Amino acid sequence: MKSSRISGYYKLPPEERLEMVRKFANLEEEEVKAIAGVGLSTEQAERMIENFIGTLELPIGIATNFLIDEKDYLVPMAIEEPSVVAAASNAAKMARVKGGFTTSATEPVMIGQIQLTGIRDPHSAKMEILRIKDKIIDKANEQDPILVKFGGGCKDIEVRVIDTKLGPMVITHLLVDCRDAMGANAINTMAEAVAPMLEDITGGNVYLRIISNLAKFRLARARAVFDKDAIGGEEVVDGILNAYAFAEADIFRCSTHNKGIMNGITAVTLATGNDTRAIEAGAHSYAAINGSYKPLTTYEKNKDGDLVGTIEVPVAAGLIGGATAVHPVAKASVKILGIKTASELSRIIATVGLAQNFAALRALATEGIQRGHMNLHARNIAAMAGAAGDEINKVAELLVKSKKVRMDKAKEILREIKAEEK
């Protein structure tokens, strides 16, 4: 039975880490090469964007220890920030004590918006649109018979009347089950197709016809019980609850709280070739859906004194289309996860968000956020100062000891090391 609990994984050289991932996920040689080398060819990149001139590489790390719904996962994360992958792995290790993470997800329903303007009797228009709801749904579904064949398609509509500074507008929502796709192309096509029907029945003018990234119907949820002794005792539990209460009450703190969640969510989203901007926009707008900006996670203490963490977040991630289907590293990342559905991917993404947030709050409640972060950041500073090979670790260690992780200090230490070697 495969396990993501790999002791000392971080101590191994990159080649050995990748070899362990290869065995875990049964990667082919080409997939291994894509991860280890330049994953995106010029020809592939040229097809993905306009005016292509080159690529920007980000490191991909593997978060270990994740036990989700009694299944082990190695989780690829693409991110430039130090300590994120280590923090997620450590949080997942602590969660294993009480059985890991449990998850659930709603159906993958997204919203397509159609904006009607210039209507004198907007509420009457709303009723007329709802009266022909079935015809609108049929018209939408004619645009994507393949999606309908696999159980997706437009399932329902909503109609809202909103007040704007230009007067009332009637907004029709197509509720579309996207199955294993993110859904933007399908939804936008459906919205374009039904727009003339709405104009005919209301006498209004259609302007925008586009997907909404506030995917309030496409939610992923995760939960974990963190054993109080495993995470450092009752004081740590109380410290995390204190930090959570701060975020819940203060928007300035809440912004950083949710940013920590997105460290995990965005890293997995990017590694699998999904749309990071859409998911980030959806998450932050969902955090404010009730009128004030709130944490995407919750923390409570159960009867045993353990910490219970939960997350609920919209995750419009797909496995069909986009970079997920064409980028070789994204395809390899999906294979490492061993997933077959977008629902499973969304639940993993939410889980990593919860793990990342817990790790940050625990660090804040104990030694402070800087310690682990600076240990890794110091290596970057050492390299930027001109250190190479074994010098990087030597300079980084002395930087951390000095508690002055700065470029000028790194250069000073490097000069001293080189002088001693002469």
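Tabulated data for the structure shown
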| quantity | calculated |
| --- | --- |
| Of all residues making up the range 259-314, the number that are touching a residue at least 24 places away in the same chain (Cβ under 8 Å), part of a loop (DSSP other than H, G, I, E, B) and farther than 23 Å from residue 335 by Cα | 10 |
| Positions within the range 245-259 being surrounded by 23 or more Cβ atoms within 10 Å (Cβ to Cβ) and within 24 Å of residue 66 (Cα to Cα), in sequence order | 257, 258 |
| Evaluation of residue 238 against (1) part of a helix (DSSP H, G or I); (2) buried (at least 16 other Cβ atoms within 10 Å of the Cβ) (one fails), failing number | (2) |
| Criterion (outside any helix (DSSP H, G or I), under 19 Å from the mean Cα position of the chain (by Cα), in the same structural domain as residue 16 (by TED's automatic domain parsing) and not basic (Lys, Arg)) met by exactly one of 50, 81 | 81 |
| Test: residue in the range 165-184 that is surrounded by 16 or more Cβ atoms within 10 Å (Cβ to Cβ), in contact (Cβ under 8 Å) with a residue 12 or more places away in the chain and part of a helix (DSSP H, G or I) | yes |
| Matching residues in the range 289-318 - criterion: being within 14 Å of the chain's Cα centre (by Cα) and more than 25 Å from residue 238 (Cβ to Cβ) | 313, 314, 315, 316, 317, 318 |
| Residue within the range 208-227 that is hydroxyl-bearing (Ser, Thr, Tyr), closer than 30 Å to residue 45 by Cα and under 14 Å from the mean Cα position of the chain (by Cα) present | no |
| Qualifying position, being touching a Leu at 6+ places or on another chain (Cβ under 9 Å) and in a loop (DSSP other than H, G, I, E, B), among 330, 317 | 317 |
| Test for residue 59: is it touching a residue at least 24 places away in the same chain (Cβ under 8 Å) and under 20 Å from the mean Cα position of the chain (by Cα) | no |
| Qualifying residue in the range 81-97 (condition: of a type in the set (A, V, I, L, M) and under 30 Å from residue 147 (Cα atoms)) | no |
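Residue by residue, here is whether (1) in contact with a strand residue (DSSP E or B) (Cβ under 6 Å, 6 or more places away or on another chain); (2) aliphatic (A, V, I, L, M); (3) under 23 Å from residue 224 (Cβ atoms) holds:
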position: 247; (1), (2), (3): no, yes, yes
position: 263; (1), (2), (3): no, no, yes
position: 269; (1), (2), (3): no, no, yes
position: 294; (1), (2), (3): no, no, yes
position: 302; (1), (2), (3): yes, no, yes
position: 315; (1), (2), (3): yes, yes, yes
position: 320; (1), (2), (3): yes, yes, no
position: 323; (1), (2), (3): no, yes, no
position: 340; (1), (2), (3): no, no, no
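The values are calculated or read from the model by the stated rules, or taken from the named source; none is laboratory data. The model shown is predicted, which means the values in this text are computed figures rather than measured ones. Here Cβ is always computed from backbone atoms with ideal geometry, including for glycine, and neighbour counts include all displayed protein chains.
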